[in-house]
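A quick write-up on the structure given underneath.
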Amino acid sequence: MTTPSAPPPCPHLAAYRHTTRSLRFLRRCLRVRPLGRPEIRREPRELPRCSPCSSPTSSSSRLYACLSCAAVFCPTHAASHASASTSGGHQIAVDVDRAELFCGACGDQVYDPDFDHAVVLAQSSSLPPPSASASPSPSPAAPRKRRRVEYRAWAPDPAEFALISSADPTTSASAAAPAGLRGLNNLGNTCFMNSVLQALLHAPPLRNYFLGDRHNRYLCPRQTPMRRRSAEANDKAACLACDLDEIYSAAFSGERTPYSPAKFLYSWWQHASNLASYEQQDAHEFFISILDHIHENIKDDQHKSHAQGHGDCCIAHRVFSGILRSDVTCTHCGFTSTTFEPCMDISLDLDAGYNNSLGVANPKVHVRNGERSSGGTNTKVSTLMRCLERFTRAERLDAEQKFFCERCKERQESLKQMSIRRLPLVSCFHIKRFEHSSVKKMSRKVDHCLQFPFSLDMAPYLSSSILRSRFGNRIFPSEASDADSVSEFSSEFEIFAVITHSGKLEAGHYVTYLRLNNHWYKCDDAWVTRVEEHTVRTSQAYMLFYVQKTLYYKACERATAV
């Protein structure tokens with residue numbers, strides 16, 4: 001089995017590199033702003049404008065400067081500028097505000113290692129010089145061979161253990177910059193990856209696992225010594241858990257300059273060779289793919305069950321895996337067939353706003369964070385609670401999906417109802433915003449607004465609650481002794497991350513909102529800014545991440561107590 005290679009580079013960039021010198025010469029054209037953001041150097045009062053349409057730069061439109069003639073144009077006139085020049089070499093341009101290469105002929109971002117090196121050098125040169133009190137470097141001496149020391153895992157002494165116990169890993173000295181808050185560079189339509197990685201970096205159980213050295217990339221049996229992979233190591237795919245451990249170390253190192261997850265992207269390409277390209281991918285599909293490959297890499301086979309449904313075979317399933325219950329009831333004789341299946345997330349249809357009370361005995365009322373939402377109201381605003389009610393509502397299967405009743409010994413019409421038997425530590429809700437019709441042969445994006453609470457009670461959607469509403473307060477021995485039953489306290493969840501999608505179905509952009517220390521931060525690739533709560537509530541949520549309240553940040557609990 002051959003190792004999949006990276007996708008071929010842009011042909012226009014390859015032709016440009018053959019006719020010109022290395023793009024490292026652009027380093028003198030770059031400057032770094034105070035927050036580490038690189039951009040093209042220009043005069044303080046100079047305002048770039050698109051030459052054809054005289055449009056100035058704004059937050060909604062980018063401007064590009066041609067590397068051959070220095071002409072400035074917007075994305076609308078990028079293709080015309082690339083084709084209008086007869087001499088050639090005018091396809092490659094650079095983003096004026098973000099210092100990213102762009103191909104006008106392909107209409108996409110491109111990557112060049114020499115240009116990336118120039119950006120890194122520009123960012124490094126902008127760092128403040130070391131203090132004068134630092135110890136001077138020793139004078140160069142005769143080179144001698146360094147003694148090889150075997151790596152040993154660090155173990156804290158009693159004083160260090162007391163310091164760790166009293167420290168809070170989610171806070172830092174600066175209230176404006178919580179620990180782990182670091183931007184991720186866009187490597188070419190990789191906003192889908194950056195958005196999911198930001199949510200995973202701040203999932204409390206997963207964060208504690210990697211920061212607690214539970215998976216050490218230096219001791220991983222699947223990994224050869226760092227940056228020295230031998231030929232036999234290339235016969236198997238890289239370990240995504242090791243690359244994720246490296247991202248955790250970089251994010252929580254205290255550095256604020258954006259980090260480039262190029263190594264993680266290449267490792268994921270090795271696992272998902274069919275998606276190895278610089279095209280935009282779906283963030284939800286990437287999330288499921290990452291969890292599946294982490295499950296393959298770091299599943300623990302010592303004193304653990306290998307059954308995926310138990311949810312304890314690896315850290316990915318211990319954090320995100322839950323169990324769904326499906327009850328199919330024959331409408332002729334009343335026989336019910338029950339099946340259980342594991343799930344890593346719950347995909348919800350966007351409710352149109354009209355409540356259909358079929359199968360809902362008592363409309364549920366939620367009062368959280370001063371919000372009140374009732375399942376019996378007839379409004380055109382979609383809410384997460386109504387989407388969950390629709391997911392757990394009994395539905396009649398059509399004639400083509402008749403259920404084979406074991407009591408009737410024939411196929412009969414039936415009712416199907418889903419419920420949640422066991423909740424995971426972190427619940428991920430995927431909102432179905434992309435619709436595909438095989439009849440009309442068309443696809444579209446649903447732009448309906450979704451209201452979601454910051455505190456969510458999942459008790460009404462558990463199997464125990466569904467059965468109680470169906471059969472009353474009768475006690476079933478099988479349910480009373482169920483090891484997967486949850487207490488009322490563990491059904492309370494707090495939101496900590498929201499992934500949004502803006503734009504159209506064919507071309508859009510993913511952004512992550514993180515809730516840290518009771519404040520919201522917008523992670524837009526390399527740029528991290530603090531936003532208000534209203535901005536998060538009015539965004540087009542695509543994926544919602546909730547964590548059990550018992551595992552929520554201690555900082556939030558202290559703020560609530562005050």
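The values are calculated or read from the model by the stated rules, or taken from the named source; none is laboratory data. Everything numeric in this text was worked out from a predicted model, so none of it was measured. Note that we place each Cβ from the backbone using ideal geometry, even for glycine, and neighbour counts take in every protein chain shown. Protein only, heavy atoms only, side chains kept; ligands, DNA and RNA dropped before computing areas. Shrake-Rupley method; radii C 1.70, N 1.55, O 1.52, S 1.80 Å.
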Requested in this report: Counting only heavy atoms of the protein chains, get the accessible area per residue of region 11-125 (1.4 Å probe) and round it to a whole Å² value.
Outcome: 54
**Report entry** Calculated from backbone phi, Karplus (6.51, -1.76, 1.60) coupling profile of region 416-428 in Hz, x at Gly/Pro
**Finding:** 10, 9, 9, 8, 9, 7, 9, 8, x, 5, 10, 9, 10
Query - Positive minus negative residues near ARG182 (Lys, Arg vs Asp, Glu; Cβ under 10 Å) - result: 0
Query raised in the report: Taking 0.36 nm per residue of separation and subtracting the Cα-Cα distance, what length does fully extending THR535 through SER249 add?
Result: 100.0 nm
Requested in this report: Label region 11-125 by shape, choosing from rounded, prolate and oblate, from the square roots a ≥ b ≥ c of the eigenvalues of the Cα gyration tensor; if a/c is under 1.5 it is rounded, and otherwise prolate applies when a/b is larger than b/c, oblate when it is not.
Outcome: oblate
Requested in this report: Would you pull out the residues with amide H under 5 Å of TYR111's amide H, same chain only if 5 or more places away, H placed 1.01 Å from N?
Outcome: CYS10
Query raised in the report: Taking the Cβ of GLN401 as the center, what net charge do the other residues with Cβ under 13 Å away carry, scoring Lys and Arg +1 and Asp and Glu -1?
Result: 0
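My understanding is that a pair violates if its Cα-Cα distance is over 30 Å; which of LYS522/LYS549; LYS445/LYS549; LYS263/LYS445; LYS402/LYS432; LYS445/LYS522; LYS432/LYS522 do that in this structure?
Details: LYS522/LYS549 23 Å; LYS445/LYS549 33 Å; LYS263/LYS445 32 Å; LYS402/LYS432 26 Å; LYS445/LYS522 23 Å; LYS432/LYS522 22 Å.
Exceeds cut-off: LYS445/LYS549; LYS263/LYS445.
What does the charge add up to near GLU43, with Lys and Arg as +1, Asp and Glu as -1, over the other residues with Cβ less than 14 Å from its Cβ?
Details: positive: ARG31, ARG41, ARG42, ARG45, ARG49; negative: GLU39, GLU46.
Net local charge, GLU43 excluded: +3.
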Report summary line: Computed ³J(HN,Hα) along region 62-69: with the Karplus parameters 6.51/-1.76/1.60, θ = phi - 60°, integer Hz and x for glycine or proline, the list is 9, 10, 10, 10, 5, 6, 9, 10
Report summary line: Expected sort for 421-432, 514-525 on mean C-beta neighbours within 10 Å, highest first, is 421-432, 514-525
Report summary line: Phi angles of region 271-286, converted by Karplus (6.51 cos²θ - 1.76 cosθ + 1.60, θ = phi - 60°) into ³J(HN,Hα) in whole Hz with x for Gly and Pro, give 7, 10, 5, 6, 10, 6, 6, 8, 7, 5, 10, 7, 5, 5, 5, 5
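Pop the C-beta distance of ARG468 and CYS220 into the FRET formula with R0 = 60 Å and round what comes out to the nearest 0.05.
Approximately 0.85, to the nearest 0.05.
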